[in-house]
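The values are calculated or read from the model by the stated rules, or taken from the named source; none is laboratory data. Bear in mind that the values here come from a model prediction, so they are computed numbers and not experimental data. Glycine also receives a Cβ, built like all others from the backbone with ideal geometry; neighbour counts cover every protein chain displayed.
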Amino acid sequence: MAYDTIGIRSPFLPEFIALEIERQCTLRQGIEIETGGILYQLTTGQLEGSFDSRISVRVEREEWTKDDDSNSAVPFRVVSEPYIYIEGSVHKALMGHNVFGGPTDFRKSCKFLIGLVSKLINMLLPSVDRWFVKRVDVSEIYNLGSFDACQEWFRGFVLSEFPRRQVTRYGTTGIYAPGSTTCVKFYHKGPEFGKHDRKRLKRYWDAQKVDELQSFANGIIRCEIEIKSKKLVYDFGTLPLVKNVTDEYLNAVHDREAVKLLREGTGDMNLVRRSEAVQERLFDSYSPRLAGLLLSTWSRLTIFGEKEVKKTMPERTWYRQKKQLESVGVSWKATDIMLKNITLVPQDFSPVRSDSRRLEVESPEVIAQLLRIA
């Protein structure tokens, strides 16, 4: 588990300090600062997305609130004392990229980000435990070993249905499920790195190093859960302080949201998705009659997709059989029936933390930098 984009807001600040921070940020707007080969670029605007390598530093003089005396739950903005909001990829700030090796300690990650901004604007900022958390992106990466294997895994979602969330598919490169409390993103790291980071890094790094990073990213699937302020307020009762948001809490939210979307990897049993293995698993787990019915349903799911198969079955039968398939680790995504290729996507792969292809090593470079601020 690694942290990527983090959004934190300071306690209220005196007006003269807020004005000085604004002045310092304006002076550094659009300037690229190179320190030890890693790039930092401050902006006073909002980030374009999780791929944005800049750090946003904004002085705010309004905050969201709700009228407790009203029946309306719609929040609105009111004038407040000034504070600053910092948002940026701590992973990219530490390494220059977020392909692998990101930080795994949330409090240290926040402390590093505050210290970095403090240094760049030449201003002493409040200590880390006085800051509030508004956003955390928690990520996991999985190494499938090749560009084609990652593409085929995403191709398996073409006929999948996600009844509880609105999901956008980006061909064979990713799926994105937005939400008011969390956003779930699965994407092929290779194309994303090539589009957003490769050209930037080649201006400062050795070309061979960037090419090696691109080659590694080509075999990576990344799962990213964006935890929003609404989710944090719901779980903690109010916007929590950094010191109250534990790694265990963030890991649990990531796992729950990822599994909820995919409905895979919930048990101890390895997944199967190839025809012969599925048949063997079903007949080992159920009576011959039920196994035959479930095998037929599985075959239709892989060919026609969930939406079409659901139309042909009574609702109770549909949900019962779907649960029976899932409970014994049978997957109908990226199967050999659909792909007509049994060699690329690993037989038991599922993007959950128990999967053997998960990469969980924190980079020595990250460890060394975080040790200096501990």
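Details
- Scan of the stretch 71-109 for residues that are surrounded by 14 or more Cβ atoms within 10 Å (Cβ to Cβ) and closer than 20 Å to Ala18 by Cα, ordered by number: Pro82, Tyr83, Ile84, Tyr85, Ile86, Glu87, Gly88
- The residues of the stretch 215-243 that are under 13 Å from Pro191 (Cα atoms) and crowded, with 19+ Cβ neighbours inside 10 Å, listed by number, are Ala217, Asn218, Gly219, Ile220, Ile221, Arg222.
- Of residues in the stretch 231-242 being within 10 Å of Lys134 (Cβ to Cβ) and part of a helix (DSSP H, G or I), the one nearest to the chain's Cα centre (by Cα): Leu232
- The set of residues in the stretch 291-338 being polar (S, T, N, Q) and surrounded by fewer than 18 Cβ atoms within 10 Å (Cβ to Cβ) consists of Ser296, Ser299, Thr312, Thr317, Ser327.
- The stretch 52-89, subset of a type in the set (Asp, Glu) and modelled with pLDDT under 80, residue nearest to the chain's Cα centre (by Cα): Asp52
- Look at the stretch 1-27: where a residue is part of a strand (DSSP E or B) and a partner is surrounded by 13 or more Cβ atoms within 10 Å (Cβ to Cβ) and modelled with pLDDT under 90, sitting 6+ places away or on another chain with Cβ atoms under 7 Å, you get Asp4/Ser50; Thr5/Ser50.
- Matching option when the condition is touching a Leu at 6+ places or on another chain (Cβ under 6 Å), among the aliphatic types (A, V, I, L, M), closer than 30 Å to Leu294 by Cβ and not assigned by TED's automatic domain parsing to the domain that holds Thr335, among Val210, Val259, Val184: Val184
- Test: residue in the stretch 42-51 that is at pLDDT 75 or above and within 31 Å of the chain's Cα centre (by Cα): no
- Considering residues of the stretch 96-120 that are of a type in the set (Phe, Trp, Tyr) and under 26 Å from Ile220 (Cα atoms) only, the residue nearest to the chain's Cα centre (by Cα): Phe100
- Number of the condition not met by Asn122 [criteria: (1) under 30 Å from Phe12 (Cα atoms); (2) at pLDDT 90 or above]: (2)
- Filter result (more than 30 Å from Ile373 (Cβ to Cβ), surrounded by fewer than 17 Cβ atoms within 10 Å (Cβ to Cβ), of a type in the set (Ser, Thr, Tyr) and more than 17 Å from the chain's Cα centre (by Cα)) within the stretch 126-179: Ser146
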